[in-house]
Every structure is written in C-alpha cells, then in structure tokens.
Amino acid sequence: MGTFKYPIFAAALENFDGILEEYSPITLQEMDGVALMNRTDTKFIFHKTQLLEILKMVQSNYRILEVNGNRASKYKTLYFDTPELDFYTKHQNGKKNRYKVRSRKYVDSDLTFLEVKFKNNKGRTVKTRVTIDDFELELSQSSNDFISETSGRNFNLRPTLWNSFRRITLVNQELPERLTIDLDLAFEYHDEHKGMKNLVIAELKQEKASRQSPFATAVKKLGIRQDRISKYCLGVAMLKEDVKKNAFKQRIMKIEKLENESAA
C-alpha cells in the first residue's frame, strides 16, 4: 500500500466559520490538562446540516482548539491489523478487551504519533502513544517494541486502512470533558476509495460517563441518539467485500441514508 491517494476534502466549512470564531480558543499546551487518555467514549452520528445548530447551542460551554490559526484541523490516519484482520474481527464479533493500532498525523501541527488503544470489558478506552517521525508502511523495530510493551502481545501487523478527516475539538470550560467533531471523512483500502460529504461523527470523551454534558443535552433535544461506531471498522466494512459485517450493517445503512439526504 502506498501513500494515501484519496484527497482530503476541501471541507464546506464556510457556514461554520462564523460560529467557530465566536468560541474562545484553547491551545494544545493548555489542552494537556484534559488529555483523557483513560476515559469513557460516547459517539453520535448525524447529518452536517445539524452541526451548525449544535455549535450554537453549546458555544458558551466550550473552548475550541486552535492550531496555527485553524479551528478545523486536518488529520490523516493509517490503521494496522493482522493479515487475518483480527482487530476488525474482534470488534465485529463484540469481543471485549480489544486493541487498535494506528499512526496518526496532525497535519496542521506536523506531529505524528503511533497509538495503541485498548477497550476494556468495563467500557473504558485507554490510549498510549509515542511520537514518530512520519508514517511507517513497515513498522520499525522501535515501533514494534512500543506496541509489544504497551499491549503485552506480539502482533503480526501490516498497514490496512488509510483515512482522513477534518476535526473540530471542543473542551468543556468546567467539566473534565472533550468533544471531537469529525467531518469530511475519506477512506482508502488498497484501490478502493470512499468519501462521505454529509456524515458527522461526534465523540464525547469523559472521565466518567455523565448526563450533565451540555453537548449530550443539545443532541438529545435534536433527537440524536448515541451510537457505536469505529472509523476503522466502518472503513473496512464499507470497502472490503469479503469480511463479515453483520454488526455494522445497520450503521452503514444509516450512514448511506445520511449521505443521500440533501445538504440544503
């Protein structure tokens, strides 16, 4: 697999620029205090036309991450899995205590991390990461050592899926809570490509799951319910025909419906 060929979309953010500018900014350094590397995650998917209303509803409760003047940052990710797609299969089969390994580039700040995510049987996500120079299509010895030391396992990993998106990151001004809002997602699996212009994936990251979240209150008012979704599993399920995907069919149908709805 070569470099990511599918373009990062020139996101249609013009409608959001005004409201994003109304948010008070927060820097990467300031955000370190709410890194939430051990957390609970709650995800939501909805059409991008609902995003503007949500951003207005919660504007007084959050600060927005700004990197080099950008408030909707570009991300690129390369996911790794075994030749048998063990990580994907365990997720599809509903197994707990599962791993995810990826390298992620924060394009606007030119930082790349190798990350190991562990989802335990109590529903908590633990993320461990280390900086690397750039994407590695073949994992270096030091990268393999980091993965083994973090997971206690020796995986036979290879690059499996590329994806890109733009992300708005909000930080609660009072609670230990972050919110990521991803849009303009694109996936590449070998020669297959998929882009989603209408889909928004929001992820609420909290120390402990709490209904006091202003964002959770806002989406509830709009009839948006929490959902379970993995960008990695979504990309593989949508682009690879010969994998089991029963657990994701309903979500894929929902996303395809969103994509076919008018953005007007």
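The values are calculated or read from the model by the stated rules, or taken from the named source; none is laboratory data. The model shown is predicted, which means the values in this text are computed figures rather than measured ones. As a convention, Cβ positions derive from the backbone with ideal geometry for all residues, glycine included, and neighbour counts pool all protein chains shown.
Tell me which residues, restricted to the stretch 70-120, are closer than 20 Å to PHE187 by Cα and assigned to a loop (DSSP other than H, G, I, E, B). Result: ALA72, THR82, PRO83, GLU84, LEU85. Within the stretch 217-235, which residues are assigned to a loop (DSSP other than H, G, I, E, B) and among the β-branched types (Val, Ile, Thr)? ILE224, ILE229, listed by residue number.
Applying the set (1) in a strand (DSSP E or B); (2) in contact with a Ser or Thr (Cβ under 7 Å, 6 or more places away or on another chain); (3) of a type outside the set (A, V, I, L, M); (4) surrounded by fewer than 18 Cβ atoms within 10 Å (Cβ to Cβ) to LYS208 leaves exactly one unmet item: (1). Note on the stretch 152-203: residues that are more than 30 Å from GLU22 (Cα to Cα) and surrounded by fewer than 15 Cβ atoms within 10 Å (Cβ to Cβ) amount to 8. Checking each residue in the stretch 98-144 for being over 15 Å from PHE155 (Cα atoms), touching a residue at least 24 places away in the same chain (Cβ under 8 Å) and among the polar types (S, T, N, Q) picks out SER103, SER109, ASN120, ASN121, THR125, THR128. Residue check: is SER140 among the small types (Gly, Ala, Ser), surrounded by fewer than 17 Cβ atoms within 10 Å (Cβ to Cβ), under 17 Å from PHE87 (Cα atoms) and at pLDDT 95 or above? So SER140 fails the test.
Here is a yes/no grid of residues against (1) in a strand (DSSP E or B); (2) in contact (Cβ under 8 Å) with a residue 24 or more places away in the chain; (3) under 24 Å from LYS48 (Cα atoms):
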position: ARG153; (1), (2), (3): no, yes, no
position: ASN156; (1), (2), (3): no, yes, no
position: PRO159; (1), (2), (3): yes, yes, no
position: PHE165; (1), (2), (3): yes, yes, yes
position: THR169; (1), (2), (3): yes, yes, yes
position: ARG178; (1), (2), (3): yes, yes, yes
position: ILE181; (1), (2), (3): yes, yes, yes
position: LEU185; (1), (2), (3): yes, yes, yes
position: ASN198; (1), (2), (3): yes, yes, yes
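The set of residues in the stretch 134-151 that are in a helix (DSSP H, G or I) and among the polar types (S, T, N, Q) comprises GLN141, SER142, SER143, ASN144, SER148, THR150, SER151.
Let's see how each residue does on (1) without any contact (Cβ under 8 Å) to a residue 40 or more places away in the chain; (2) within 18 Å of the chain's Cα centre (by Cα); (3) closer than 30 Å to PRO159 by Cβ:
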site	(1), (2), (3)
ALA216	no, yes, no
VAL219	no, no, no
CYS233	no, yes, yes
ASN246	no, no, yes
ILE252	yes, yes, yes
LYS257	yes, no, no
